[in-house]
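K.L.:
Below is one structure. I have some questions about it.
The values are calculated or read from the model by the stated rules, or taken from the named source; none is laboratory data. Just so it is clear, the structure is predicted and the values come from calculations on it, not from any experiment. Here the Cβ is made from the backbone with ideal geometry for all residues, glycine too, and neighbour counts use every protein chain on show. Ligands, DNA and RNA are stripped out before the accessible areas are found, and what is left, the full protein with its side chains, is counted by its heavy atoms. Shrake-Rupley method; radii C 1.70, N 1.55, O 1.52, S 1.80 Å.
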Amino acid sequence: MTDSILELYVNDGLSDEEVDQQRDTYGPLTEDVRELIQLALQTRVDADDVARAREHLAAAREILERDREDGPYGTRFNDSGRFRNWGNAAIGLRNAIAPIGDIHENDDGRVWTDIHLGPVYEGPAGHVHGGVSALLLDQILGDAARISGYPGMTGTLTIRYRKRTPLGALRVEAKLDRVEGRKAFVVGHIADSEGVCVEAEGIFIAPVWMVQQRDSFAETPRPE
């Protein structure tokens, strides 16, 4: 099992210039697909227009399928230490459902991101799906552990829904609370303009193979 996981951590040997070129090529494609996802939900055009749009989408699929990955994107990095989780469901540059963009950190150890969740993340009418809130918190709490020097896999994630989370502008933030052996305890929340909507505590456990590489992980730049 460990070997199969490690196989998805790949030094692909790209130069920084090649990484930048890939970002500039595939990032805009992801943005286009993200807009299409919302348009598919919100469009009110008639059946003929839908049929024409699907013809164009079929043509796009034919082009993009000419050369594609067979499995997950995994975690990739290069010799200069640029660390890329572009397939990640929460932060992936090439994943059109990923809602998180830039992640920031403060001098006090807090990690945070400002996001805008549109209609495709709806659960209760006009509000964010509770599972999406869990996705966001799992990611940001995990980033807080990693940036603090204690990366790990999610052991438990305890969610408290204080109130409904409206669609729109939100802030997600987290901070390392304490460390016990291989366990990092992290707390965080999601807030709108009126206050905290969802609170969470996560325990992130470092596998043995990760502990052995902890120094290199801690020194690695945050994922792009």
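K.L.:
Using amide H atoms built 1.01 Å from N in the peptide plane, name the residues 5+ places from T75, or on other chains, whose amide H lies under 5 Å from its own.
P.N.:
The list, which skips near neighbours in sequence, is Y9, V10.
K.L.:
E7 versus R52, label points 7 Å from Cα toward the beta carbon: distance in nm?
P.N.:
Each label point is offset 7 Å from its Cα along the Cβ direction, giving 4.7 nm.
K.L.:
Then there's this: Given contacts defined as C-alpha pairs under 8 Å and at least six residues apart, what's the relative contact order of region 1-107, whole-number percent?
P.N.:
Result for region 1-107 is 36 percent.
K.L.:
Now for a separate question. Within the accessible area of region 115-161, what % is carbon and sulfur when the probe is 1.4 Å and the other protein chains stay in place? Please report the intermediate quantities before stating the final value.
P.N.:
Working: 1080 of 1930 Å².
Looking at region 115-161 in its full context, I get 56 percent from C and S.
K.L.:
So what's the gap between the Cα centers of region 25-50 and region 73-129, to the nearest angstrom?
P.N.:
Region 25-50 and region 73-129 have Cα centres spaced 20 Å from each other.
K.L.:
Separation between the D79 and Q42 pseudo-spin-labels, each 7 Å from Cα along Cα→Cβ, expressed in nm?
P.N.:
Placing both labels 7 Å along Cα→Cβ, they lie 4.6 nm apart.
K.L.:
On the protein heavy atoms, probe 1.4 angstrom, tell me the percent of accessible surface of region 64-110 carried by carbon and sulfur. Mind showing how you got there, number by number?
P.N.:
Details: 1140 of 2760 Å².
Carbon and sulfur: 41 percent of the exposed surface of region 64-110.
K.L.:
Also: Counting only C-alpha contacts under 8 Å and six or more residues apart, can you give the relative contact order of the chain as a whole percent?
P.N.:
Details: 386 pairs, mean separation 40.9, N = 224.
It comes to 18 percent, rounded to a whole number.
K.L.:
So if we plug the beta-carbon distance of D70 and E194 into 1/(1 + (r/R0)^6) with R0 = 45 Å, what FRET efficiency do we get, rounded to 0.05?
P.N.:
Here the calculated transfer efficiency is 0.45.
K.L.:
Another one. So how do D48, D79 rank on accessible area, 1.4 Å probe, biggest first, that is with the largest at the start? Before the final figure, lay out the partial values.
P.N.:
Working: D48 100, D79 135 Å².
Reading off the accessible areas and sorting them downward yields D79, D48.
K.L.:
If I compute percent of Cα pairs over 31 Å apart from the structure I just sent, which labelled value in [x] 24; [y] 29; [z] 16 lines up?
P.N.:
The calculated read-out lines up with [y].
K.L.:
With every protein chain left in place, what is the accessible area per residue of region 52-160 in square angstrom, probe 1.4 Å? Please report the intermediate quantities before stating the final value.
P.N.:
Numbers: 5830 Å² over 109 residues.
In whole numbers, region 52-160 has 53 Å² accessible per residue.
K.L.:
Once the piece of chain linking E122 and K163 is laid out straight, how much longer is it, given 0.36 nm per residue of separation minus the C-alpha distance between them?
P.N.:
Numbers: separation 41, 0.36 × 41 = 14.76 nm, distance 1.49 nm.
Here the segment from E122 to K163 would lengthen by 13.3 nm.
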